[in-house]
Amino acid sequence: MKIVVCIKQVPATNDAKIDPETKRIIREGMKAILNPFDTYAVEEGVQLRDKFGGEVIALSMGPPKAEASLREAISVGVDRAILLSDRAFGGSDTWATSYALAKAIKKIGDIDLVICGKQAIDGDTAQVGPGIAAHLDWLQATYVMAVEEISSSSIRVKRMHEDGYDICEMSFPAVITVVKDINTPRVPSLKGRLASNKCEVPVWKPGDIGADTSKIGLNGSPTRVVKTQPPPPRHTSTKKIEGSSIECAQSLLRELRLRSIV
Amino acid sequence: MIAFTDAKRKEYRNIWVVAEILAGGIQSVTHELTGAARTLADLRKSEVWVVVMGSGIEEKPESLFAYGADVVIVVDHPGLSGFIDETEAKIMKRLIIKYKPEVVICGATTRGRALIPRVSVMTHCGLTADCTGLSIDPENGDLLQTRPAFGGNIMATIRCSNHRPQMATVRPRVMKSPEPDPGRTGRIIKEEMLTSDSEKIKQIIDVFHSTETAYNLADAQIIISGGRGMKGPEGFKLLKQFAQRVGGAAVGASRAAVDSGWIPYAHQVGQTGQTVQTKVYIACGISGQIQHLVGMQSCDLIIAIDKNPDTPMMQIADIAVVGDLFEIIPEIVKGITNL
């Protein structure tokens with residue numbers, strides 16, 4: 001089987017800064033990491049390839065330095081990687097991003113399965129996975145917590161819901177987005193590190209994937225960020241409760257009753 | 001992408017809500033969103049429409065009028081008993097083309113977050129996830145959507161002026177459910193499911209509904225959450241008792257507790273778990289690493305219980321209880337029982 005894993009390089013959340021002029025995230029100087037949810041997508045792709053043979057390809061869209069995240073995917077067993085990178089892709093929202101990724105997936109060709117992480121930790125939208133499926137008109141399953149079975153033509157997965165789970169079967173080609181439950185990502189082997197250092201990561205431009213330039217970047221994005229601001233401050237002080245366990249329990253109970261929580 | 005002209009924009013009217021149906025019942029998030037849609041529709045002097053898709057819908061769709069709906073579109077078909085994203089997306093696309101809504105709001109649930117991105121691509125619309133605030137320009141109908149990003153570190157306001165409808169998802173419990181007005185009435189429109197809606201779709205093999213109400217973090221008003229300080233699965237039994245005593249509470253957990261196998265992943269709060277915005281968050285034995293804090297720092301009231309008064313969680317908490325939670329929590333449980 002031939003698998004594409006879509007990954008995103010994201011800034012480490014704890015030091016995010018916003019440019020007040022452009023309202024964009026200042027990516028320069030910020031530590032970049034592979035989106036944590038995508039590590040589960042990469043691992044699942046590698047495991048399925050190991051079990052059923054074939055090829056697993058990592059795909060990302062981002063600035064040139066996003067190549068580092070693709071190399072990270074290679075270090076844990078992905079066969080090859082492709083980066084979509086061009087100024088024309090800049091400013092893409094989830095509509096335009098999923099369009100470009102879908103075009104790249106078509107260009108790669110003969111793909112059975114696309115695996116994405118549940119969501120990226122910077123935007124938190126969870127929209128790109130289903131967006132790719134919609135652009136390709138493929139079947140989709142989101143919040144996948146286990147791959148139950150695979151045949152040459154179909155996949156059976158367990159989907160997490162708020163009130164439990166369900167098991168569904170889809171014929172290929174299909175898109176799944178995965179949650180942390182699905183596996184435990186491996187650490188890179190020495191051989192993997194060497195492979196990731198050595199490999200070439202081709203960069204594809206809009207022309208390479210036959211993208212309609214009116215559907216990528218800011219032009220292709222129906223949404224516009226018009227303002228960013230810090231969230232309202234939380235509170236001014238912490239009320240500390242100390243004493244014996246019984247005193248602590250009684251004081252807290254009083255606070256809970258005061259607010260009609262109990 | 002070609003922007004809509006003014007004339008074309010004006011063809012799109014009314015505020016729509018996609019109902020969340022579980023096991024034939026209309027979920028409370030639907031009432032909350034109907035109330036929010038009412039406010040927007042009043043500003044635009046337009047109507048609130050709710051789309052109900054399901055099979056054997058037991059609850060009368062008319063009940064939604066009381067929450068502010070003017071029209072309820074009902075698609076009731078056995079093919080909609082399980083959640084099949086592809087079918088529901090095709091139906092939504094058809095309804096949108098037929099009736100031209102200005103705004104479509106959907107619950108940011110696992111189902112909503114799977115369905116609406118698909119619909120937005122199929123209909124070429126902008127979509128904003130997990131909005132915490134919605135307002136509308138009464139003149140031109142532009143929806144201003146406010147949402148947290150970077151785990152709540154910034155608030156972004158998003159607009160989609162050039163396309164209609166404008167789509168947004170909102171988490172359960174973010175909007176207040178309106179007081180139902182049993183005197184309100186409205187119209188029901190019955191729509192069919194077409195055979196083409198169920199072509200090329202997935203098969204639902206099995207469905208498992210958890211009977212454990214504490215499972216559902218997204219729908220809870222209060223979360224009682226445990227970390228490494230709970231010391232083992234026994235500790236979480238204590239938290240479950242606590243949650244049962246407090247009305248409407250769910251049990252959450254830190255990554256450390258989930259990775260230790262003390263409680264299933266569905267309970268995990270934080271960067272690789274769920275982001276929650278409850279009224280009350282009680283953190284028990286959670287030190288508060290940044291990855292956990294970004295998942296819960298938007299909760300209204302944060303209470304922390306820990307032996308160590310100096311952890312990040314104890315610093316950001318509104319109320320910090322310093323002490324042995326294995327002694328304090330049983331006392332609280334006793335205290336609530338004796339009320």
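Remark on chain B: ratio of C-alpha radius of gyration to 2.2 N^0.38 Å is 1.08. Net charge in the neighbourhood of residue B:186 (other residues with Cβ under 9 Å of its Cβ; Lys, Arg +1, Asp, Glu -1) is -1. Which of the lysines could a cross-linker bridge to residue A:118, judged by Cα under 18 Å and excluding same-chain residues fewer than eight apart? In chain and number order, the partners are A:8, A:158, A:180. Remark: segment B:171-187, residue by residue, has Karplus-estimated 3J(HN,Hα) of 5, x, 6, 7, 9, 7, 6, x, 5, x, 10, x, x, 6, 10, x, 10 Hz, where x stands for each Gly or Pro and the curve is 6.51 cos²θ - 1.76 cosθ + 1.60 at θ = phi - 60°. Among the listed pairs A:106/B:93; A:107/B:90; B:176/B:200; B:10/B:93, those whose Cα-Cα separation exceeds 28 Å are B:176/B:200. Considering only the Cα atoms of chain A, their convex hull presents on average a projected area of 19.0 nm².
Once the Cβ-Cβ distance of residue A:259 and residue B:307 is raised to the sixth power relative to R0 = 25 Å, the FRET efficiency obtained is 0.55. Taking one quarter of the surface of the convex hull spanned by the alpha-carbon atoms of segment A:59-151 gives a direction-averaged projected area of 6.8 nm².
Each principal axis of the Cα cloud of the protein assembly as shown was taken in turn, and the coordinate range along them, longest first, works out to 70, 69, 51 Å.
With Cα atoms defining each centre, segment B:53-78 and segment A:217-231 are spaced 34 Å apart in the structure. Neighbour counts of other Cβ atoms within 10 Å put A:92, A:251 in the fewest-to-most order A:251, A:92.
Centre-to-centre, using Cα atoms only, segment B:144-208 and segment B:109-131 are separated by 8 Å. Phi-derived couplings, Karplus 6.51 cos²θ - 1.76 cosθ + 1.60 at θ = phi - 60°, listed residue by residue for segment A:165-178: 8, 9, 10, 9, 10, 10, 7, 6, x, 8, 10, 10, 10, 10 Hz, with x used for Gly and Pro. Remark: A:57, B:84 ranked as B:84, A:57, counting other beta-carbon atoms within 10 Å and listing the fewest first. For residue B:111, the shell of other residues with beta-carbons less than 12 Å away shows a net charge of -3, using +1 for Lys and Arg and -1 for Asp and Glu. For segment B:259-274, putting each phi into the Karplus relation 6.51 cos²θ - 1.76 cosθ + 1.60 with θ = phi - 60° gives couplings of 5, 7, x, 7, 7, x, 4, 4, 8, 6, 9, x, 4, 9, x, 10 Hz, in residue order, rounded to whole numbers and with x for Gly and Pro.
All other residues whose Cβ lies under 12 angstrom from that of residue A:110 are scored, Lys and Arg at +1 and Asp and Glu at -1, for a net of +1. Sites listed here are GluC sites (Glu not before Pro) in segment B:27-113 whose DSSP assignment is loop and whose Cβ has at most 11 other Cβ atoms within 10 Å: B:58.
Taking a straight line from the alpha carbon of residue B:8, these aspartates and glutamates sit under 12 Å away, with near neighbours fewer than eight places off in the same chain left out: B:102.
Each residue in A:228, B:195, B:169 was given a count of other beta-carbon atoms within 10 angstrom of its own, and listing them fewest first yields B:195, A:228, B:169.
For trypsin sites (Lys or Arg not before Pro), the sites in segment B:27-108 that DSSP calls loop and that have at most 14 other Cβ atoms within 10 Å are B:45.
In loop segments of segment A:118-191 as defined by DSSP, the trypsin sites (Lys or Arg not before Pro) with at most 16 further C-beta atoms inside 10 Å of their C-beta are A:186.
Estimated from helices alone, the mean residue ellipticity of the protein assembly as shown at 222 nm is -8000 deg cm²/dmol (sum of -39500 (n - 2.57) over DSSP H runs with n ≥ 4, per residue).
Coordinate-derived values only; no laboratory data. Everything quoted here is computed from the prediction, not taken from an experiment. Because the Cβ atoms are built from the backbone with ideal geometry, glycine has one as well, and the counts that use them run over all protein chains shown.
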